[in-house]
Number of protein chains: 2
Amino acid sequence: MTEHSLWRFSRALHRAVNERQFDDIEALIDEDVDWTLHGPVELFPFFGARHGKAAVMQVIRQIASTVRVHRFDREQIMLGTDQAASMLRYSLTVLDTNKPVRVRLVHFAQFRDGRLVSIRIMVDSHELVEQAIFPPYTRMVAVSA
Amino acid sequence: MTEHSLWRFSRALHRAVNERQFDDIEALIDEDVDWTLHGPVELFPFFGARHGKAAVMQVIRQIASTVRVHRFDREQIMLGTDQAASMLRYSLTVLDTNKPVRVRLVHFAQFRDGRLVSIRIMVDSHELVEQAIFPPYTRMVAVSA
């Protein structure tokens, strides 16, 4: 039984983010990949939609320059032949501030010949806002009104 | 070929929310259901975790008292025998204010004998905050700092 593409992709992605080793993940991304990381672009520049391997590799490098992953728990998972969806809970450190952050995200991914051809990721960005990791100039605070 | 449990559940849920007809959905929820709607409880009281049919029916009634669904697009879907995961984009009206709201959510659902036994839903709550549908006393604003 062959290993599902998701596991190889997940290991390579975490290696890229934590060790800045990008070769493994680059080999697992299709040239024509569609990538969307739903979230507020004003929070981090790597949120948003990208097309093509070069643009996606740039996003992964930006993420690697911004956070380290301490642990993640895969709370939900569905695997199809070439598809996978998960809900994950991450414990991260934001490198700038050394601040620990916990955040939940989900992804829907599609693979072809073992390579990622499309992924949509949704981050619970309200959690990020609550943990005040917005850059100062756009920080959100509760006010009476 | 039998219809997947998700479709019956989805129709019944939308009927409950939009027409306040709760009988169909009640018949499709297991007595021992585990239900989590990840999101900020200070935004709406129906966010959070619930156990058992009575508690979940109360949440559905609260949602029906709060919003109407105008349309939804199922952007991503994975179906297993008794499982389903989707990413959906909703156009809603908040009844209090008659304010239109667009929001993305994902769910992972598990069915048994056609009834829902567990579901985890994640709402892009930052989108909600940005659309200023927080009650005024907790409204969030961007400030310089």
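Bear in mind that the values in this text are calculations on the coordinates, not laboratory data. These figures come from a predicted structure and were not determined experimentally. Using ideal geometry, Cβ is built from the backbone for each residue, glycine included, and neighbour counts are taken over all protein chains shown.
How many partner chain Cβ atoms sit within 10 Å of a residue's Cβ in peptide B:103-115, on average, as a whole number? Before the final figure, lay out the partial values.
Values: counts 0, 3, 2, 10, 3, 8, 1, 1, 0, 0, 0, 0, 0.
Taking the mean over all residues of the peptide, I get 2.
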- request: Determine, for B:112, B:71, the number of other Cβ atoms within 10 Å of each Cβ, and report the residues in order from fewest to most.
  value: B:71, B:112
task: Give the Kirkwood hydrodynamic radius (Å, one decimal) of the range B:1-127, defined as one over the mean of 1/r across all pairs of different Cα atoms.
output: 14.8
field: Summed residue charge, Cβ within 11 Å of residue B:69's Cβ, Lys/Arg positive, Asp/Glu negative
entry: +2
Between helix A:53-66 and chain A: long-axis angle, C-alpha atoms, 0 to 90°, nearest 10: 40
- request: Of the DSSP beta bridges with both residues in the protein assembly as shown, give the percent that are antiparallel, rounding to the nearest 5.
  value: 85
query: Does the protein assembly as shown come out rounded, prolate or oblate by the C-alpha gyration tensor, with a ≥ b ≥ c the root eigenvalues, rounded set by a/c under 1.5 and, if not, prolate when a/b is larger than b/c and oblate if not?
result: oblate
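Residue B:118: net charge of surrounding residues, Cβ under 15 Å, Lys/Arg +1, Asp/Glu -1, itself excluded? Don't skip to the answer; put the middle values down first.
On the way: positive: B:50, B:53, B:112, B:115, B:120; negative: A:75, B:30, B:31, B:32, B:34, B:82, B:113.
Value of the local net charge: -2.
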task: May I ask for the distance between the Cα centers of the range B:49-68 and the range B:79-99, given as a whole number of Å?
output: 14
- line: Taking B:74-83, B:26-35 and ranking on average Cβ neighbours within 10 Å, highest first, one gets B:26-35, B:74-83
field: In sequence order, calculated HN-Hα J values of the range A:34-47 (Karplus, 6.51, -1.76, 1.60; Hz; x Gly/Pro)
entry: 10, 9, 9, 10, 5, x, x, 4, 6, 7, 9, x, 8, 6
